[in-house]
Amino acid sequence: MIEATVLIYPQALVSSISLPLEMLNAADNFKRLHKRPRRRINLKIAALDAHEIKTPGGLHIRPDCSFESISHSDLIILPALWRKPDRVIKTNRKLLGWLKQMKSHGSIICAVGSGSFFLAEAGLLDNKPATTHWYYFDEFERRYPQVHLQRRHLITQAGSVFCAGSVNSVADLTVHFINDFYGRKIAQQVEGQFSPEIRQSYDSHLYNDSRLTTHHDEDVVRAQQWLQSNFERSISISELAHFSGLSTRTLNRRFKEAIGETPISYLQKTRINIAKELLRDSNLNIAEIAEKVGYSDCSYFSSLFRTRMSQSPKSYRQRVRGKLFSSD
């Protein structure tokens, strides 16, 4: 069972609470449709006490429990705050000690927007990268000079502590968590339901100080660069291995050790990402796009796209272009 806790406190923005909750719940529903009838996630809304909280948008939220009653949680989400966080932090200082305790117990902690002030106040971001809502950059930097504020990154990771600069970026981050908890297929289904046209990949705007997610295998880096430069033509793994100066078996092993996937999977992902851009921004038909990204067989391309994106190229184009182009 995955234990997930969303915190609620005065001045919390509901959008930074409801979106992760709905996405996590959708992931669990999709999982149960795949012959997993039992619920795999326990979602709780926790606060300082059980009293109802009125949010800035006028909604009233009654917590499921106090956060102090929770001794274990796999994922903790701190929502963004409306206006300056000082008063909310002052009246919820017990939360700081609880967050440190949960961090020491291995919880993943994610703060949205100005919710990162709680993490900094608790000392969980000392000498670590962090981000926050852009409006509070200067104040955050003045108040927490020991934190490495990343103004150009919407998502930061320092071990098990994450910061998302906006509600849109917490959607990206939630897809990443769903991938870890439920697997890639479920994550793609959730992404397909929650505005894929405005999402960027988690990796594309992540600042991560952990060496666990980087690698220093120069042969694999060269192979990645070669695949990115030659994606549009027919490629064989033996050709890539020859270019890399490695045997096919050694290349596959080192590639997977370095980035967690095979060269074929990496090439497919690269091609699909480029195809998504062409579907969104060009008027090329599906067969032309398939050929542009290295697939002479349009049916195979469409099947691969559906497998990776949980929707056909045509459906993806209709959705993204429906949002991008409209007439008065």
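A few remarks follow.
- With respect to the conditions (1) without any contact (Cβ under 8 Å) to a residue 40 or more places away in the chain; (2) under 23 Å from the mean Cα position of the chain (by Cα); (3) surrounded by 13 or more Cβ atoms within 10 Å (Cβ to Cβ), ALA4 falls short on a single one, namely (1).
- Which numbered condition SER116 misses (of (1) out of contact with any Cys (no Cβ under 7 Å at 6 or more places or on another chain); (2) within 18 Å of SER16 (Cβ to Cβ)): (1)
So that you can scan it fast, the table gives a plain yes or no per residue for (1) loosely packed, with under 15 Cβ neighbours inside 10 Å; (2) within 23 Å of LYS185 (Cβ to Cβ); (3) assigned by TED's automatic domain parsing to the domain that holds GLN157:
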residue	(1), (2), (3)
SER236	yes, no, no
LEU267	no, yes, no
ILE272	no, yes, no
LYS276	no, yes, no
TYR300	yes, yes, no
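- Selection within segment 121-139 - more than 19 Å from the chain's Cα centre (by Cα) and closer than 26 Å to LYS54 by Cβ: GLU121, ALA122, TYR135, TYR136, GLU139
- Hey, ASP138 in a helix (DSSP H, G or I), out of contact with any strand residue (DSSP E or B) (no Cβ under 6 Å at 6 or more places or on another chain) and assigned by TED's automatic domain parsing to the domain that holds ALA26 or not: yes
- The helices (runs of 4 or more DSSP H) located wholly in segment 255-318 that include 3 or more residues which are closer than 26 Å to ASP219 by Cα occupy 263-281.
- Residue count, segment 34-66 (criterion: exposed (fewer than 11 other Cβ atoms within 10 Å of the Cβ) and under 19 Å from PRO20 (Cα atoms)): 2
- Going through (1) at pLDDT 95 or above; (2) farther than 25 Å from SER73 by Cα one by one, HIS148 falls short only on (1).
- For segment 273-301, a residue qualifies if it is of a type in the set (Ser, Thr, Tyr) and closer than 15 Å to GLN318 by Cα, and exactly one does: SER282.
- Residues being farther than 16 Å from ALA164 by Cα, out of contact with any His (no Cβ under 9 Å at 6 or more places or on another chain) and surrounded by 18 or more Cβ atoms within 10 Å (Cβ to Cβ) - total across segment 86-142: 9
The values are calculated or read from the model by the stated rules, or taken from the named source; none is laboratory data. On a predicted model such as this, the values are computed, not experimentally measured, just so you know. All Cβ positions, glycine included, derive from the backbone under ideal geometry; neighbour counts span all protein chains shown.
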